[in-house]
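Peer 1: Here you go, one structure.
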Amino acid sequence: MLYKKADIITKNYDCIIIGSGLAGMTAANKLAKNGRSVLLLEAHNKLGGFATWFKRAKGNHVFDISLHGFPYGMKKTCRKYWNKEIADRIVQIHGVRFSNPMYDLETDFTKEDYIDKLVNYFKVPEKCVHAFFNDMENMNFYDNSKMTNGELFEKYFPGRKDVLRFLLEPIVYANGSNLEDPAITYAIVFSNFMKGGVYTYQGGTDHMINAMKEELIKNGVDIKMHSKIDKIIVENKKVIGVELKGQKIFSRSVLSNANIKSTILNMVGEEKFSHDFIEATKKIKLNTSSCQVYMGIKEGETLPRMKDLIFYSDDDEFSTELILSPKVGSQTFSLYYPDLRPELNNRFAIVSSSNARYEDWENLSEQEYEDKKQFLIDRALTALDKVIPEAREKIDFIDAATPLTVQKYTHHLKGASFGTKFEGLEISQNLHKNIEGLFHAGSVGIIMSGWLGAANYGVIQSHEIENYLT
Ligand SMILES: Cc1cc2nc3c(=O)[nH]c(=O)nc-3n(C[C@H](O)[C@H](O)[C@H](O)COP(=O)(O)OP(=O)(O)OC[C@H]3O[C@@H](n4cnc5c(N)ncnc54)[C@H](O)[C@@H]3O)c2cc1C
């Protein structure tokens, strides 16, 4: 059932889930299908977390925030843990284009095409390319290798900055990783994409989240939105429920889909954990944030069919630092054609995304913030002129989101788009060993982020909860 805003909840649950990101929702659905009583509490007025969208009546536009592309594995996950209708709407995008001072090329982002490009375009010896892919596929999460991304590329492609860019840049956009991050995180995400290319959801994020909401309700999940949880109640090292605006709701277990650091440090409280666990939690590094520019095309206007995802950069060289620069030399363009939302009567939209640092946006005066937003919009339009020259004239809506927007809507500390760095994963996985019945699922450790990573982590943690409840 769907609780109304003013409803008081008196029922006790097997599991309360805080947050309805893809991890929270998928865990809720799995537990409910197992026959568990589940309450899903969401701070926002809609489900989905980062998997979200917004509408603008002026111009009748709909914009997707994080529907740019995910690996084929999402289809399997949705079929297994959601339903066939949702899985059937997952379709391959029409390819990817890279446009930067080092190269301009198109790819379908599959292993076959990447091997072809590396050998025939970048002229890397075939033996070396196959050894690289072999290593990628055999890298095991449990090997605990200390190799970094930087070392990995230096090992296979020494001195090849163009090859490094070709291989790493798309993954930097997909999970915010950098050259110092463990190579295993790159290998898992890159190999997931290489299994079949890049996929999207036919119907848009609104369709998918609404279909998931229906499925949750059908399976007996109770949902309440407008419900920001400030406190997880712990007694004698055991979770007993949560506090919602002063009201206690009791449960045998709690799964937090909120940021791992705020879950431990703010919602539970430092005093409930051992000194070492708190120290390790404080050391978790957050991932970086994002900026986006949303561009709606006037009704009746069209755009030529191009690749759906364009990685554009003016930067001569690629570096993970440069990609975060407020100068926005690098950004991606996602092109949304009418076939994504046929009911909208031939509408086109473009979303530019760039990685960004929260620190570059905090503490600005109102005027400085507005000026910086305008700069972001101007950078997007200037770059767009180079990839789709006729597009600018056809835009009748444009707006931008910044790391502050991300923080406001998802409550992620510093607007972190992809959760935490690698060390966050261990803390997340060990939460229930410190507080009985308390679990976490959501973007952590680079690997468990993105639509697929988050949904799969929800499934993994639902098994842990099931073990605990049993
Ligand atoms: C700009 C951008 C583009 C992206 N593009 C892609 C992409 O193309 N492909 C891809 O795979 N991934 C993409 N991602 C990443 C992906 O969207 C996320 O990694 C994934 O959706 C995160 O899911 P999650 O389960 O971790 O939860 P989140 O989406 O982080 O959701 C957490 C939820 O918890 C709620 N919450 C938090 N605190 C509380 C509280 N105290 N009480 C109640 N509720 C609370 C929040 O409101 C939110 O709804 C993108 C992310 C960003 C920011």
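Peer 1: For the charge dipole of the chain, defined by +1 on Lys and Arg C-beta atoms and -1 on Asp and Glu C-beta atoms about the Cα centroid, which residue among N45, V221, F166 has the Cα displaced farthest towards the positive pole?
Peer 2: Farthest towards the positive end: V221.
Peer 1: How big is the gap, in Å, between the Cα center of segment 203-222 and the Cα center of segment 1-73?
Peer 2: For segment 203-222 versus segment 1-73, the Cα centre distance is 8 Å.
Peer 1: Using alpha carbon centroids, what distance separates segment 413-470 and segment 237-257, in Å?
Peer 2: So the separation of the two Cα centres works out to 17 Å.
Peer 1: Quick one: which of 71-82, 30-41, 384-395 comes out on top by average Cβ neighbours within 10 Å, and what's the full order, highest first?
Peer 2: Averaged packing, sorted descending, gives the order 30-41, 71-82, 384-395.
Peer 1: For segment 111-194, state what percent of all Cα-Cα pairs lands in each successive 10 Å bin, counting from 0 Å until the bin that includes the largest distance.
Peer 2: Going from the shortest bin to the longest, the percentages are 17, 57, 25, 1.
Peer 1: Sticking with this structure for a sec: Quickly rank 88-95, 159-166 as a protection proxy: mean count of other C-beta atoms within 10 Å, highest first.
Peer 2: 159-166, 88-95
Peer 1: Hydropathy at least -1.0 by Kyte-Doolittle, axial extent at least 15 angstrom from the Cα trace: which helices of the chain, defined as entire DSSP H runs, fit?
Peer 2: Helices passing the filter in the chain: 22-33, 126-138, 161-175, 183-194, 204-218, 366-387, 450-469.
Peer 1: Quick check for me: using +1 on Lys/Arg Cβ and -1 on Asp/Glu Cβ, what's the dipole size of segment 248-380 about its Cα centre, in debye to the nearest 20?
Peer 2: 720 debye
Peer 1: Beyond 23 Å between alpha-carbons counts as too far, so tell me which of K237/K261; K231/K414; K161/K327; K5/K408; K58/K224 fall in that bin.
Peer 2: The pairs that break the limit, which is 23 Å between Cα atoms, are K58/K224.
Peer 1: Could you tell me which of rounded, prolate or oblate describes segment 1-82, using a ≥ b ≥ c as the square roots of the eigenvalues of the alpha-carbon gyration tensor, with rounded for a/c under 1.5 and, failing that, prolate when a/b is larger than b/c and oblate otherwise?
Peer 2: Oblate shape, in that a/c is at least 1.5 and b/c is the bigger or equal ratio.
Peer 1: Right, here's the next one. Among the trypsin sites (Lys or Arg not before Pro) in segment 183-221, which ones are in a DSSP loop with at most 15 other Cβ atoms within 10 Å of the Cβ? Mind listing them?
Peer 2: K195
Peer 1: At 222 nm, what value in deg cm²/dmol follows for the chain if DSSP H runs of at least 4 each add -39500 (n - 2.57) and the sum is divided by all its residues, to the nearest 500?
Peer 2: Result for the chain: -11000 deg cm²/dmol, rounded to the nearest 500.
Peer 1: When we measure straight from the Cα of K155, which aspartates and glutamates land under 14 angstrom away, once same-chain ones fewer than 8 places off are left out?
Peer 2: Once the sequence-local aspartates and glutamates are set aside, what remains near K155 is D135.
Peer 1: What net charge do the residues around L364 carry, taking every other residue with its C-beta under 14 Å from that of L364, with Lys and Arg at +1 and Asp and Glu at -1?
Peer 2: -4
Peer 1: Another question about this same structure. Could you point to the residue in F439, T420, F348 farthest towards the positive end of segment 320-452's charge dipole, with +1 and -1 charges on the Cβ of Lys/Arg and Asp/Glu respectively?
Peer 2: F439
Peer 1: Indicate, rounded to the nearest 5 percent, the antiparallel portion of the DSSP beta bridges found entirely in the chain.
Peer 2: Antiparallel: roughly 70 percent of the beta bridges in the chain.
Peer 1: Lysines near K33 by alpha-carbon distance under 18 Å, same-chain residues fewer than 8 away left out - which ones?
Peer 2: Those lysines meeting the cut-off are K76, K80, K84, K213, K218.
Peer 1: Taking a quarter of the surface of the Cα convex hull of the chain, what do you get in nm²?
Peer 2: Projected area, direction-averaged: 22.0 nm².
Peer 1: Can you tell me how segment 190-287 classifies by the Cα gyration tensor, rounded, prolate or oblate, using a/c under 1.5 as the rounded cut?
Peer 2: oblate
Coordinate-derived values only; no laboratory data. Everything numeric in this text was worked out from a predicted model, so none of it was measured. Please note: Cβ atoms are built from the backbone with ideal geometry, for glycine as well, and neighbour counts cover all protein chains shown.
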